[in-house]
């Protein structure tokens, strides 16, 4: 079946640390988005990245579609980075609808 | 931020009552979506719309219906609410149906069915 797996499920960081979040998916992808859900529940777009690498400030993302994974890098983490990070590939096997992974819960301690 | 509002933002209702949630957008985007978010399941697609009066089912559509009579409004109806429909409901919009376009999410509606 269709699978989108994120790792690690939980991550505790000291402020200033770097980290890498991973998203593995089971089928060919036409699109992939990364979202941050803040502690108030709002889902915020981070990246639209079907392939290649993009950077936005302290965040960057890389998708290797041929190997069916995407990575989100957080550098010099801040307490405002806390929340849950979701990847959502648009999988052909899912009728070209976004399929959300289970998320990585990040806590950045001051 | 994309202009998406959801109403109500919080609702408590009783089992068996009908409930309608509203999503309103000011972006004139063609596609609109309803998701639910539950612990352990992430976000799952309930229904979506690809134009006025054009809708289709998502992954978890049983017990839900939708309507879209105007580009800017997408309604989600629980005909007879059940406790299993207690969840946080998110509306999303996009312009190209996901294939090449980012989806933007509303603030969510927290629904409790007693």
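General observations
- Taken over the stretch A:17-34, the criterion of being assigned to a strand (DSSP E or B) and at pLDDT below 95 is satisfied by A:25, A:29, A:30, A:31, A:32, A:33.
- The test for being touching a strand residue (DSSP E or B) at 6+ places or on another chain (Cβ under 7 Å), crowded, with 16+ Cβ neighbours inside 10 Å and away from chain A (no Cβ under 14 Å) holds for residue B:66.
- Any hit, the stretch A:45-66, residues being within 17 Å of residue A:102 (Cα to Cα) and within 14 Å of chain B (Cβ to nearest Cβ): yes
- Total residues in the stretch A:9-24, condition crowded, with 20+ Cβ neighbours inside 10 Å and within 13 Å of chain B (Cβ to nearest Cβ): 1
- Residues of the stretch B:89-114 that turn out to be under 19 Å from residue B:18 (Cβ atoms) and within 15 Å of the chain's Cα centre (by Cα), as a count: 5
- Within this structure, residue A:89 fails the test of being touching a strand residue (DSSP E or B) at 6+ places or on another chain (Cβ under 8 Å), more than 9 Å from chain B (Cβ to nearest Cβ), within 21 Å of residue B:36 (Cβ to Cβ) and outside any strand (DSSP E or B).
This table checks each residue for (1) away from every other protein chain (no Cβ under 14 Å); (2) in contact (Cβ under 8 Å) with a residue 24 or more places away in the chain; (3) not in a strand (DSSP E or B).
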position: B:45; (1), (2), (3): no, no, no
position: B:55; (1), (2), (3): no, no, no
position: B:61; (1), (2), (3): no, no, yes
position: B:92; (1), (2), (3): no, yes, no
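- Of A:71, A:107, all but one fail to be part of a strand (DSSP E or B) and in contact (Cβ under 8 Å) with a residue 60 or more places away in the chain; the exception is A:107.
- Among the residues making up the stretch B:1-31, those that are at pLDDT below 95 and either closer than 18 Å to residue A:86 by Cβ or within 13 Å of another protein chain (Cβ to nearest Cβ) (or both) are B:1, B:2, B:31.
The values are calculated or read from the model by the stated rules, or taken from the named source; none is laboratory data. In this text the structure is predicted, and so the values were computed from the model without any measurement. Ideal geometry is used to build each Cβ from the backbone, glycine not excepted, and the neighbour counts take in all protein chains shown.
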